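Below is one structure, written out as C-alpha cells, with a few remarks after it.
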Amino acid sequence: MKVSVNWLTLLPVLVPALAAILVLLVDAVLPRRTALHWWFAAAALVGGMVATVPAARAPVRTLCGSGQPCLYAADRVTAALQLAAFACSLVAVLLAVPVRRASRLTAVEASAVLSATAGAVGVGAARDLGAWLVLLELATLPLVALVAFRARRTAVDGALSMLTTALTSFGVTAVGAALWFSATGSATFLGDAAAQAMLDDDKRRGVVLAVLLLVAGVAFKLSLAPFHAWTPEAFDGASTPIGALLATTSKIAAVAALVVVLRSASAISSSTLYVLGALALASMTLGNLMALREQRTLRFLAWSTIAQAGWVVLPLSTVDRPGLPASVAYLVVYAVATLVVFAVVTLVAHADGRDAATDLSAYRGILRTRPVAGLALALALLVLAGLPPGVVGLVAKVAAIVPVVHQHAWWLAIGAALNAMLGVAVYLRWLWLLWQPAGAAQRDPAHPVHRVVVALGLLALVVTSVLPGTVLAFLR
C-alpha cells in the first residue's frame with residue numbers, strides 16, 4: 001500500500017526532534033559554549049511554533065494510505081495544544097538559561113527538553129496505537145532524566161518516583177492499547193471501529209475496559225488522584241525551570257493523549273465517562289486540602305497542579321460537545337498562570353538562592369521589594385483561584401462546569417463548585433503574604449532574562465483577563 005507523506009505537515013514534530021539531535025552535535029563541536037545550547041533550543045521551539053500555524057488555520061493530515069485513514073491529523077484543538085506545548089517549553093528554556101548555563105550536561109538537558117516537547121506535540125496528532133504510545137512515553141521519560149540531573153538526594157528521590165510511575169503507567173497503557181486492538185480490530189484511533197464494536201455485547205465490554213485502562217495510564221502522567229504520588233517528590237527535587245516543564249508541557253502531552261482516546265470513543269455512554277469525573281473531583285479535593293497545609297513552595301505548586309488537573313479533565317467527563325474546547329481552554333489558562341508563578345519562583349531562587357525561594361514565607365512583602373514580580377505572582381494566583389481581576393480564571397472555571405450542568409451531572413457540578421471555594425482559600429493563603437511587611441533580608445538584583453519572562457507573563461495575564469473569551473473563541 002502506497003502511503004503519501006507531507007513533510008511540511010510533520011514539521012511541528014520534526015523540528016524539535018531534529019533539533020534534539022543537532023544540539024548534541026553542536027556540543028561536540030563547541031563543548032564550552034554551554035549557553036549556546038539553550039538559545040539553540042529556544043530558536044528550535046520558536047520554529048516549531050511557526051510550523052504549527054497551518055494546523056491552527058485549517059485541519060491538516062498526512063501519512064495517508066489509499067482507502068485508509070490518515071495516521072497524522074491535526075485540527076484547531078490539536079494545534080492549540082501544540083502551540084501551548086511549544087510556548088511552555090520555550091519559557092522553561094528561557095528560565096534555564098541563567099540557571100543551568102554552567103552545567104556540564106547543558107547539551108544533554110537541552111536535548112531532553114526538545115525530545116519531551118516533540119513527544120508532547122506529536123501525541124495529540126498521532127492516530128495509530130504504536131506512534132501514540134511511543135510519543136506519549138517520549139514526552140515523559142526525558143523529564144525523568146531532567147529531574148535527576150540536579151544530582152541531589154531530593155532530585156534522585158523524585159526521579160526514581162517518576163520512573164517507577166512511568167513504568168507502571170506504560171504497563172497499564174499498553175494493556176489498554178492491546179484490549180483496544182482486540183475489541184475493535186483496529187490499530188488506529190480513527191474510523192467507526194469503536195462504534196461498531198459497541199454494538200456487540202462481548203466487544204462492548206472490551207472497548208469500555210480498554211478506554212478505562214488507557215485513561216488510567218494517562219492519569220498517572222496527568223497527576224490525577226489517586227495516581228498522583230510522584231508529583232510532590234518530583235517537583236521538590238527538580239530545578240525550578242524543570243518544575244515549570246513538569247507542571248505544563250507534560251500535562252499538555254497527557255491531555256492531548258487523552259483527547260485522542262476520548263474522541264475515538266465517542267460512542268461510549270456518559271455513565272462510563274463519569275469515572276473521569278470522579279477522578280477529577282478526587283484530584284481537586286485532595287490537591288486543595290494538601291495545599292492548604294503545605295509550607296514548601298514547590299510542593300505547594302505540585303498540589304496545585306494536582307487540583308488544577310481535576311478542573312482540566314472535568315469537562316471531558318461528559319459527552320457534551322463544548323466539553324473539549326472548555327478543557328483545552330482551561331489547560332491553556334492554567335499553563336500561563338502556572339508558568340508565571342514558576343518564573344517568579346525562579347527569579348527569586350536565582351537572585352537570592354534556592355533556599356530563599358522554597359518557603360512560602362520567603363515571598364512576604366515581595367510586592368514592595370520587587371513590584372513587577374510581586375504583581376505578576378499576585379495576578380497569577382488570582383487567575384488560578386478564579387478571582388477578579390484574574391477574570392480569565394473565573395471564565396475558564398465557568399466554562400469547565402457548563403458541560404457538566406448540560407449533562408445534569410449535579411453531583412459533579414456541586415463538587416466542583418465546593419472545590420472552587422476551597423481553591424480560593426488555598427491561593428489566598430499565599431496571596432496574603434505578598435502584602436505583608438517585607439523582611440530585612442537583602443534582595444539581590446534579578447537576572448535580565450528572568451525579568452523579561454516575568455514581565456511578558458504579566459502582560460499575557462492582563463491581556464487574557466481583559467479579553468477572557470479570546471481563548472474559547474479560538475478553540476470553537
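The values are calculated or read from the model by the stated rules, or taken from the named source; none is laboratory data. In this text the structure is predicted, and so the values were computed from the model without any measurement. Counting neighbours? That spans all protein chains shown, and the Cβs are built from the backbone with ideal geometry, glycine included.
Can you tell me which residues in the range 371-387 are in a helix (DSSP H, G or I) and either closer than 17 Å to Ala417 by Cα or polar (S, T, N, Q) (or both)? First the steps, then the outcome.
Here is the first cut: in the range 371-387, the ones in a helix (DSSP H, G or I) are 371-385.
Correct list: Leu382, Val383, Leu384, Ala385.
Please state which one of Leu289, Leu246, Leu273 is at pLDDT below 90 and either of a type in the set (A, V, I, L, M, F, W, C) or assigned to a helix (DSSP H, G or I) (or both).
Numbers: Leu289 fails: at pLDDT below 90; Leu246 fails: at pLDDT below 90.
From the options Leu289, Leu246, Leu273, the qualifying one is Leu273.
Taking interchain pairs and intrachain pairs at least six residues apart, which have beta carbon atoms under 7 angstrom, with the first residue in the range 404-427 and closer than 23 Å to Leu292 by Cβ and touching a residue at least 24 places away in the same chain (Cβ under 8 Å) and the second among the small types (Gly, Ala, Ser) and exposed (fewer than 15 other Cβ atoms within 10 Å of the Cβ)? The qualifying pairs do not exist here. Checking Leu433, Leu422 one by one, the residue that is more than 16 Å from Ala326 (Cβ to Cβ), part of a helix (DSSP H, G or I) and more than 23 Å from the chain's Cα centre (by Cα) is Leu433 and no other.
Condition check ((1) farther than 21 Å from Gly457 by Cα; (2) buried (at least 21 other Cβ atoms within 10 Å of the Cβ); (3) not β-branched (Val, Ile, Thr)) across all residues:
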site: Gln295; (1), (2), (3): yes, no, yes
site: Val313; (1), (2), (3): yes, yes, no
site: Tyr334; (1), (2), (3): no, yes, yes
site: Val340; (1), (2), (3): no, yes, no
site: Leu375; (1), (2), (3): no, no, yes
site: Leu384; (1), (2), (3): no, yes, yes
site: Gly390; (1), (2), (3): no, yes, yes
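Based on what the data block shows, is Ala351 part of a helix (DSSP H, G or I), among the hydrophobic types (A, V, I, L, M, F, W, C) and crowded, with 24+ Cβ neighbours inside 10 Å? Answer is no for this residue. Applying the criterion of being of a type outside the set (Lys, Arg) and assigned to a helix (DSSP H, G or I) to the residues of the range 354-364, the residue that is farthest from Gln436 (Cα to Cα) is Asp355. Among the residues of the range 221-238, those that are in a helix (DSSP H, G or I), crowded, with 24+ Cβ neighbours inside 10 Å and either free of Cβ contacts under 8 Å to residues at least 40 places away in the same chain or not β-branched (Val, Ile, Thr) (or both) comprise Lys221, Leu222, Trp230, Ala234, Phe235, Gly237.
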